[in-house]
1. With respect to Lys158, determine if the residue is surrounded by 17 or more Cβ atoms within 10 Å (Cβ to Cβ) and either away from the ligand (no atom under 11 Å from the Cβ) or of a type outside the set (A, V, I, L, M, F, W, C) (or both).
2. Which condition number does Thr60 fail, the rest of (1) in contact with a helix residue (DSSP H, G or I) (Cβ under 7 Å, 6 or more places away or on another chain); (2) of a type in the set (Val, Ile, Thr); (3) at pLDDT 95 or above being met?
3. Taking the residues in region 87-133 that are surrounded by 15 or more Cβ atoms within 10 Å (Cβ to Cβ) and among the hydroxyl-bearing types (Ser, Thr, Tyr) as candidates, determine which candidate is nearest to Ile226 (Cα to Cα).
4. Of the conditions (1) farther than 24 Å from Val59 by Cβ; (2) out of contact with any Gly (no Cβ under 7 Å at 6 or more places or on another chain); (3) not polar (S, T, N, Q), Phe288 fails just one. Which one is it?
5. Name the residue that is surrounded by the fewest Cβ atoms within 10 Å (Cβ to Cβ), counting only residues in region 273-286 that are modelled with pLDDT of 95 or more and within 14 Å of the ligand (Cβ to nearest atom).
6. Going through region 36-67 one residue at a time, which ones are over 25 Å from Glu270 (Cα atoms) and either free of Cβ contacts under 8 Å to residues at least 12 places away in the same chain or out of contact with any strand residue (DSSP E or B) (no Cβ under 6 Å at 6 or more places or on another chain) (or both)?
Amino acid sequence: MKWERNMRETVLHVAAWPWLKHWMEHQGLKYVVRRFVAGTTLTEALVAVKQLRADGLMVTLDLLGESVEDEETARLACHSIEAMMNHLRQISSDSHISIKLTQLGLIINPALCEQNMHKLLETARTNGQFIRIDMEDSSVTGQTLELFSKLHMIYGPKHIGVVVQSYLYRTPADVETLQQLGASVRIVKGAYSEPPEVAYPEKCDVDLAYFNLVCSLLQSESYTAIATHDRILIANLIRFIAEQDIDRDRFEFQMLYGIATDLQHQLVHEGYRIRIYTPFGTHWYPYFSRRLAERPANLWFVLRHLLPPMNKF
Ligand SMILES: Cc1cc2nc3c(=O)[nH]c(=O)nc-3n(C[C@H](O)[C@H](O)[C@H](O)COP(=O)(O)OP(=O)(O)OC[C@H]3O[C@@H](n4cnc5c(N)ncnc54)[C@H](O)[C@@H]3O)c2cc1C
């Protein structure tokens with residue numbers, strides 16, 4: 001719907017104002033943020049991982065951070081992710097790691113970013129772990145897929161995978177290339193504000209593209225991570241999977257921490273593999289803004305905590 005799209009663009013635009021970011025980060029929003037983020041420290045995140053695993057859910061852990069503007073911060077992020085991987089291995093051998101290339105320096109120095117990725121993938125190889133490269137806004141889609149293909153050739157689908165967004169017009173062609181590589185692909189609708197020159201403006205087109213892309217991926221060699229909370233899409237895809245007799249070990253569902261938890265548990269109960277994207281860290285603001293923009297009701301949830309309590313009469 002048009003108002004939903006406008007709302008999302010407005011929220012993402014306003015959320016980028018530096019003074020608002022600064023103000024929000026100092027508003028003591030801990031309780032509100034905790035709905036979507038598993039804590040600010042690795043210790044808190046590992047507690048959340050243990051709880052999710054106890055509930056039969058698998059995990060992909062993300063140390064929040066993106067759009068890094070200096071090399072030292074990118075190196076530090078790489079170091080922290082490496083430490084996170086080593087701690088994670090000790091409590092959960094099948095947990096994945098999600099990362100953003102701009103956190104590792106893609107915008108400022110692509111060579112440094114590649115070097116950081118090699119470091120992390122060597123750790124993944126030693127530990128038997130898997131790293132998924134998240135997809136960011138369309139200004140870095142080409143670079144992300146190029147670096148992914150290069151790394152995929154060296155480390156293979158056991159250790160590295162990538163994400164595609166159904167709202168981008170280019171995605172069917174990208175998916176064809178990824179299928180030929182036998183890449184592990186997570187498919188999402190897309191969380192950024194994109195112009196109509198590169199992405200479908202209408203939600204119904206994004207949803208239809210999503211369905212078609214997942215069907216195509218499921219019929220290829222690619223392992224498919226179906227990342228959505230859309231109940232209708234999930235029901236239609238489960239029907240397609242049954243009709244085509246697709247093995248349950250060819251795919252998994254993925255959802256975000258704190259969203260549609262009833263559906264997460266329902267799918268586990270029905271015997272599907274489901275993995276929860278679990279973010280943590282102090283750089284929660286951009287991630288949090290995207291979650292607010294996806295659902296206007298979340299804005300009221302935040303406002304209720306920001307506004308002073310009304311006097312009761
Ligand atoms: C595991 C995972 C990884 C992701 N990785 C990326 C990535 O790398 N790059 C990228 O661009 N995007 C990523 N996304 C975000 C994705 O692009 C969508 O923005 C997000 O998933 C919302 O779309 P939806 O598919 O759930 O469908 P929608 O049609 O947007 O939502 C369907 C229903 O889900 C619920 N819902 C959706 N969002 C929220 C929310 N924020 N709060 C509460 N309820 C909500 C609502 O009930 C809604 O009606 C990821 C999503 C998941 C689940």
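The values are calculated or read from the model by the stated rules, or taken from the named source; none is laboratory data. Because the structure is predicted, anything quoted here is derived from the model rather than measured. Cβ: placed from backbone, ideal geometry, glycine included. Neighbour counts: every protein chain shown.
1. No.
2. (1)
3. So the residue we want is Ser98.
4. Single failed check for Phe288: (1).
5. Only one residue tops the list, namely Arg273.
6. Thr40, Thr41, Leu42, Thr43, Glu44, Leu46, Val47, Leu63, Gly65, Glu66, Ser67
Yes/no matrix, rows are residues, columns are (1) more than 10 Å from the ligand (Cβ to nearest atom); (2) of a type outside the set (Gly, Ala, Ser); (3) in contact (Cβ under 8 Å) with a residue 24 or more places away in the chain:
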position: Tyr169; (1), (2), (3): yes, yes, yes
position: Gly182; (1), (2), (3): yes, no, yes
position: Val188; (1), (2), (3): no, yes, yes
position: Ser193; (1), (2), (3): yes, no, yes
position: Pro201; (1), (2), (3): yes, yes, yes
position: Asp207; (1), (2), (3): no, yes, yes
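Rundown of residues vs (1) within 13 Å of the ligand (Cβ to nearest atom); (2) at pLDDT below 95; (3) touching a Phe, Trp or Tyr at 6+ places or on another chain (Cβ under 7 Å), yes/no style:
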| site | (1), (2), (3) |
| --- | --- |
| Val163 | yes, no, no |
| Ser166 | yes, no, yes |
| Val214 | yes, no, no |
| Ser220 | no, no, no |
| His229 | yes, no, no |
